[in-house]
Amino acid sequence: MKKKLLAPVVALGLVLATAGIALAWAQPTLTARCAPDENSYAWTINLHTESNYRVDWSFQSTFAGFATVDFASAGGHDFTTPRGGSTLYVRWTSDHASKAQATANADLCEQQSVAESVVQSVEQSVAESVQESVAESVDQSVAESVAQSVEQSVAESVQESVAESVDQSVAESVAQSVDQSVAESTGQSAEQSVEGGTGTPAASIPDSSMSVNGSSPLPTVIFGFLLLASLGALAYTNVKVVKVANNPSRKG
């Protein structure tokens with residue numbers, strides 16, 4: 001008889017246990033925030049959808065002393081507690097097995113805001129400094145590159161200008177030297193020609209063709225032939241002298 005009763009009891013216990021597990025409430029989550037003042041802590045609790053939203057909180061894990069808050073709805077809720085310990089424990093009022101905990105944040109929000117502002121200012125200053133350094137480096141690199149390009153261009157231009165000037169000066173100097181040499185050579189040749197053509201004039205022979213007594217013109221004709229021969233010999237001599245003067249290798 002006892003065995004027959006034991007089996008249904010065990011089965012009922014298993015059913016109730018399974019139902020209890022299935023009916024367990026979702027565990028809440030708790031997060032600590034910066035403290036609003038020196039006497040309080042601030043928290044954020046997230047609740048899942050349940051039949052009610054009453055939550056117990058305590059600074060003791062055994063919940064020997066606790067306070068109950070009705071948050072009225074699911075979702076995130078901010079709340080504060082007096083400072084009473086370093087860790088806050090929360091649980092569903094209707095399901096004490098579903099609970100959570102978080103370590104308190106004792107930093108004041110003002111101090112944290114100041115610290116965050118300082119951090120932001122430092123980060124901004126560092127970013128601006130880096131940007132300025134990069135900009136200066138880029139400007140310096142560009143300036144150096146431009147300076148090198150300008151120097152190289154100026155050097156090449158000066159070299160080309162100097163080369164052209166030198167070539168032109170050499171050409172003009174050579175031309176002037178050639179012209180001067182030709183002019184001097186021509187002048188010297190002309191002077192030698194004049195010097196070679198200088199001679200002693202032949203003795204004057206009295207012209208007896210127009211004698212008073214009207215003698216024969218034969219003596220005048222003979223005189224003319226003689227004069228012509230003398231002038232021809234003199235001209236030949238002058239030409240030979242000029243040729244010898246212009247070509248000294250043919251002397252002797």
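The values are calculated or read from the model by the stated rules, or taken from the named source; none is laboratory data. Note that the structure is predicted; figures quoted are calculated from it, not measured. Glycine also receives a Cβ, built like all others from the backbone with ideal geometry; neighbour counts cover every protein chain displayed. What goes into the accessible areas is simple: the full protein's heavy atoms, side chains included, and nothing from ligands, DNA or RNA. Shrake-Rupley method; radii C 1.70, N 1.55, O 1.52, S 1.80 Å.
General observations
- Only residues that are assigned to a loop (DSSP other than H, G, I, E, B) and of a type in the set (Val, Ile, Thr) were counted across the stretch 25-51, and they come to 1.
- In the set (1) farther than 28 Å from residue 110 by Cα; (2) modelled with pLDDT of 95 or more; (3) exposed (fewer than 14 other Cβ atoms within 10 Å of the Cβ), residue 63 fails one condition alone, (3).
- Note on the stretch 98-113: among residues that are open to solvent by 90 Å² or more (accessible area, probe 1.4 Å) and over 17 Å from residue 81 (Cα atoms), the one that is modelled with the lowest pLDDT is 111.
- Residue match in the stretch 3-23 (condition: modelled with pLDDT of 95 or more and not in a strand (DSSP E or B)): no
- Here the stretch 198-249 is the region considered, the condition is being assigned to a loop (DSSP other than H, G, I, E, B) and in contact with a Ser or Thr (Cβ under 6 Å, 6 or more places away or on another chain), and the residue that is modelled with the highest pLDDT is 217.
- Matching residues, the stretch 34-60, being farther than 21 Å from residue 109 by Cβ and of a type in the set (Val, Ile, Thr): 49, 55
- For the condition modelled with pLDDT of 70 or more and farther than 30 Å from residue 69 by Cα, residue 127 qualifies.
- Criterion (open to solvent by 40 Å² or more (accessible area, probe 1.4 Å), at negative phi and free of Cβ contacts under 8 Å to residues at least 40 places away in the same chain) met by exactly one of 80, 49: 49
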